[in-house]
Every structure is written in C-alpha cells, then in structure tokens.
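In what follows, a single structure is set out as structure tokens and then discussed.
The values are calculated or read from the model by the stated rules, or taken from the named source; none is laboratory data. These figures come from a predicted structure and were not determined experimentally. As a convention, Cβ positions derive from the backbone with ideal geometry for all residues, glycine included, and neighbour counts pool all protein chains shown.
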Amino acid sequence: MPIELTASQALGLWHGAALDQVRHDDRDLTLRQMAILLHIYLVPPPHTVRGLAATLDVTKPVITRALDTMGEMGLVDRVRDDADRRNVIIKRTVGGALYLEKARRSHTRSGPPAADLKGMRMTMLDRRLHAYRPDLAEAGLEGKVEASRFVKGAPARVAVPVLAVRPEPDVARGIDTELLLGER
C-alpha cells in the first residue's frame, strides 16, 4: 500500500537511514555508491556499467571506480557478458543483499526519525522475504498489502545460485527480483 510523504517526511526518513548506516556499519559508502547499490538491488536486472553510467548521468570510469570499491566490500560482483564481451554485467551478491537487509531492519526497528511521522503506519516489505503481488499474497500479509487472494505459504530455501522471481507466473515477463542461494 503506497503512502504519500511530504518533502520533510521523506528527508526525515533519509536522515534516519543515513544515521543508522553511519552508527552501525564500518563500510562508509558514498552517496553515489549507495545510489548504485540501491539501483542494482531494487531495479530488475540486468545491470551494466554502461547502463548505470547512463542512469546516473556520469562517465563509465566513475561507475567503474565505485564498483571497484563496492566489489572489495563484497557488495557487488562483475562478470563479462557472454553475448557481448564489451559489456560488463553487475551481479548482486549475498553480502550486498545482507548489507541492505541489515540497513532495512535497523531503520525499521528504530522507527521513523521525524516527529511529523507520528501516527503514520509504515510497513517496509522486502519482496525477497514476503510473497505478494496484486493477485496473490501469503496469508500473514493480509491487511498489510493489497491482493485479491491470500493463501498460507510453505517455507522454502533457494537451492540454485540465482533464482529469477517474476511479477507473475509468465516466463515472457521481466525479472522482478532475484533470490540467491540459501535465501528463504
């Protein structure tokens, strides 16, 4: 369920998230690195150096430097595109997913930082951890998400290196997100 925030509320959320990251994690990402990381994990793949440079309106060397640092931290990985060896595909890593999950949990636990957010019901759901889409959702999410039908789910663990999750059960549809080996 989308919520609308004023500019002050949005800045308050951003402020709280930045404070949590500085207080609880030694990895000090720049704003550019965080924008790249969030883009890689929130926008369906594939991601290339060329595509990230166009999205951020910077040069490819700028992206490469940021990815070098983030790669050393274990947040992303790079591989050559087999179809076009000129392209470098940016891959998600378990370390990057855990970094963002830790940030999400830390910020959710501490609650909204801005005083003017009092009374707002805010639920941040990670699509990798919560099964929902407009036509179907797990029963435990009833009242938290909008879906035409709710069912009791069964726990499962990913047993392949990368599993594509689509917005609906149709191979022709794009990838919504990816699950990594061992995730539930």
Members of the stretch 52-90 found to be within 13 Å of residue 32 (Cβ to Cβ) and without any contact (Cβ under 8 Å) to a residue 24 or more places away in the chain, listed by number: 53, 55, 57, 59, 61, 64, 65, 68
Residue identified as assigned to a helix (DSSP H, G or I) and surrounded by fewer than 18 Cβ atoms within 10 Å (Cβ to Cβ) among 98, 52: 98
Filter result (surrounded by fewer than 17 Cβ atoms within 10 Å (Cβ to Cβ) and outside any helix (DSSP H, G or I)) within the stretch 6-37: 6, 25, 26, 27, 28, 30
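Rundown of residues vs (1) within 27 Å of residue 163 (Cβ to Cβ); (2) not hydrophobic (A, V, I, L, M, F, W, C), yes/no style:
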residue: 23; (1), (2): no, yes
residue: 35; (1), (2): yes, no
residue: 40; (1), (2): yes, no
residue: 47; (1), (2): yes, yes
residue: 58; (1), (2): no, no
residue: 70; (1), (2): yes, no
residue: 78; (1), (2): yes, yes
residue: 81; (1), (2): yes, yes
Number of the exception - residue 84 against (1) assigned to a loop (DSSP other than H, G, I, E, B); (2) modelled with pLDDT of 85 or more; (3) not polar (S, T, N, Q): (2)
Residue check, residue 40 within 18 Å of residue 74 (Cβ to Cβ), in a helix (DSSP H, G or I), in contact with a strand residue (DSSP E or B) (Cβ under 6 Å, 6 or more places away or on another chain) and touching a residue at least 12 places away in the same chain (Cβ under 8 Å): yes
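Yes/no per residue for (1) at pLDDT 80 or above; (2) out of contact with any helix residue (DSSP H, G or I) (no Cβ under 9 Å at 6 or more places or on another chain); (3) of a type in the set (Gly, Ala, Ser):
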| site | (1), (2), (3) |
| --- | --- |
| 96 | yes, no, yes |
| 108 | no, yes, no |
| 118 | no, yes, no |
| 132 | no, no, no |
| 148 | yes, yes, yes |
| 168 | no, yes, no |
| 177 | no, no, no |
Residues within the stretch 75-92 that are of a type in the set (Lys, Arg), surrounded by 11 or more Cβ atoms within 10 Å (Cβ to Cβ) and farther than 12 Å from residue 49 by Cα, tallied: 1
Residue, farthest from the chain's Cα centre (by Cα), within the stretch 126-144, restricted to residues that are farther than 24 Å from residue 98 by Cβ and touching a residue at least 24 places away in the same chain (Cβ under 8 Å): 135
Residue list for the stretch 54-76, restricted to those being within 22 Å of residue 103 (Cα to Cα) and not small (Gly, Ala, Ser): 67, 68, 69, 70, 72, 73, 75, 76
Cross-chain or 6+ apart pairs with Cβ under 9 Å, the stretch 153-173 first and surrounded by 10 or more Cβ atoms within 10 Å (Cβ to Cβ), then modelled with pLDDT of 80 or more and charged (D, E, K, R): 153/138; 162/91; 162/92; 168/135
